[in-house]
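Asks: Pasting a structure below so you can have a look.
The numbers here are math on the coordinates, done by the rules we state, and not lab data. The shown structure was predicted, so the numbers you read here are calculated from the model rather than taken from an experiment. Backbone-built Cβ (ideal geometry, glycine too); neighbour counts: all protein chains shown.
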Amino acid sequence: MKKCTQSNKYQCKICNKIENLDLYPISNNIVTKMIREQLCYECAFWLDLKAHPPKNSYIIKGKYYVFSEWERLYNKPKDAIKSMHIYTTDQRVVRSNKIRLIGSIPKHLQDILPNNAHLITKHLYYKLRDVAPGYQCHSMGCYDRYYCHWYDRTIEDKHGAWNIIPRNYIPGSEQCPIYIDQQTINKQIEN
């Protein structure tokens, strides 16, 4: 290894870490980005992932995952199959049993690489999956309207809905087959 010279050291412009270029092969794309933008390896790596994300990549609780298509695994016991079900910030549901963890995003880059998906239960995944993406309910008279994930409040005119929900009403009592309590989704997203 070459002896480090002062000219091969610099301070990362994002995290202020001192970086030594003598430790890296120059032929690497990440190292080229490091030199060009005066970044440490860690910052250059994560910013390169932001600029060139792999297909089906998701950030969940500060961790960067890549999902592969769901694969039927016939010869494995059910409890040996690890799977994840997620709800994306653009309201899609995705599942995979072939998941690759790229790594944990450093705290100082989490604003640049924010979460774009949340873990949900298998049960909620199937409930959300069975409704067309982008669906919005327009049932202004439904008693469940303000509790339901699907209800579109923008359809109400300036006077509001034409009926009043009784005080003692229990959400979900309308028995709508696609009803999903918005609080259920919010609780799962928070956890």
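Asks: For H85, enumerate residues with amide H under 5 Å from its amide H, sequence gap 5+ or separate chain, H modeled in the peptide plane.
Replies: Close amide H contacts, sequence-distant or interchain: I120.
Asks: Right, next: Taking a quarter of the surface of the Cα convex hull of the stretch 131-191, what do you get in nm²? Could the numbers behind the result be given before it?
Replies: Details: hull surface 20.1 nm².
Averaged projected area of the stretch 131-191's Cα convex hull equals 5.0 nm².
Asks: Using only the alpha-carbon atoms, how far is helix 41-51 inclined from the longest principal axis of the chain? Give it as 0 to 90 degrees, nearest 10.
Replies: Tilt relative to the chain: about 40 degrees.
Asks: OK, next. Mind pulling the per residue volume of the convex hull built on the Cα atoms of the stretch 1-52? Å³ is fine.
Replies: Numbers: hull volume 3.7 nm³, N = 52.
Once divided by residue count, the hull of the stretch 1-52 is 72 Å³.
Asks: Once the convex hull of the C-alpha atoms of the chain is built, how many Å³ does it hold per residue, rounded to a whole number? All intermediate terms of the calculation are to be shown ahead of the outcome.
Replies: Working: hull volume 37.4 nm³, N = 191.
So the per-residue Cα hull volume is 196 Å³.
Asks: All other residues with a Cβ under 13 Å from the Cβ of I18 taken together, and with Lys, Arg as +1 and Asp, Glu as -1, what is their net charge?
Replies: Result for the neighbourhood of I18: 0.
Asks: Would you calculate, for the chain, the mean residue ellipticity at 222 nm contributed by helices, counting each DSSP H stretch of 4 or more residues as -39,500 (n - 2.57) and dividing by all residues, to the nearest 500? Show your work: numbers first, answer last.
Replies: Working: 4 runs with 37 residues, N = 191.
When only DSSP H runs of four or more count, the value is -5500 deg cm²/dmol.
Asks: If I take R0 = 30 Å and measure r between the Cβ atoms of N163 and Q136 in this structure, what FRET efficiency does the formula 1/(1 + (r/R0)^6) give, to the nearest 0.05?
Replies: Working: r = 19 Å, r/R0 = 0.64.
After rounding to 0.05, the efficiency reads 0.95.
Asks: Any chance you could run the full-extension gain for I60 through V31? It's 0.36 nm times the residue separation minus the Cα-Cα distance, nm to one decimal.
Replies: Values: separation 29, 0.36 × 29 = 10.44 nm, distance 2.69 nm.
That works out to 7.8 nm of additional length.
Asks: Using the per-residue mean of other Cβ atoms lying within 10 Å as a proxy for protection, in what order, highest first, do the peptides 130-143, 29-42, 160-173, 106-119 fall?
Replies: 29-42, 106-119, 130-143, 160-173
Asks: Could you tell me which of the pairs K63/K98; K9/K107; K33/K61; K98/K187 are separated by over 22 angstrom between their Cα atoms in the structure shown? Let's see the in-between values first.
Replies: On the way: K63/K98 16 Å; K9/K107 24 Å; K33/K61 27 Å; K98/K187 26 Å.
Beyond 22 Å: K9/K107; K33/K61; K98/K187.
Asks: Then there's this: How much length would be gained if the chain were fully extended between R129 and N16, taking 0.36 nm per residue of separation minus their Cα-Cα distance, in nm to one decimal? Intermediate results must be reported in sequence, preceding the final value.
Replies: Values: separation 113, 0.36 × 113 = 40.68 nm, distance 4.43 nm.
Working it through step by step, the gained length comes to 36.2 nm.
Asks: Still on this model: Can you run phi through the Karplus equation (6.51, -1.76, 1.60; θ = phi - 60°) for the stretch 29-38 and list ³J(HN,Hα) in whole Hz, with x for Gly and Pro?
Replies: Taking θ as phi minus 60°, the curve returns 4, 5, 5, 4, 5, 4, 5, 4, 10, 6 Hz for the stretch 29-38.
Asks: From the backbone phi of the stretch 140-147, what are the Karplus-calculated ³J(HN,Hα) couplings (6.51 cos²θ - 1.76 cosθ + 1.60, θ = phi - 60°) in whole Hz, Gly and Pro given as x?
Replies: Coupling constants for the stretch 140-147: 5, x, 6, 5, 7, 3, 7, 9 Hz.
Asks: Taking +1 at the Cβ of each Lys and Arg and -1 at the Cβ of each Asp and Glu, which of P25, I112, V94 sits farthest along the dipole of the chain towards its positive end, judged by Cα position relative to the Cα centre?
Replies: Farthest towards the positive pole: P25.
Asks: Let me ask something additional. Normalized C-alpha radius of gyration of the stretch 53-129, against 2.2 N^0.38 Å?
Replies: Numbers: Rg = 13.2 Å, N = 77, 2.2 N^0.38 = 11.5 Å.
Against the empirical 2.2 N^0.38 Å value, I get 1.16 for the stretch 53-129.
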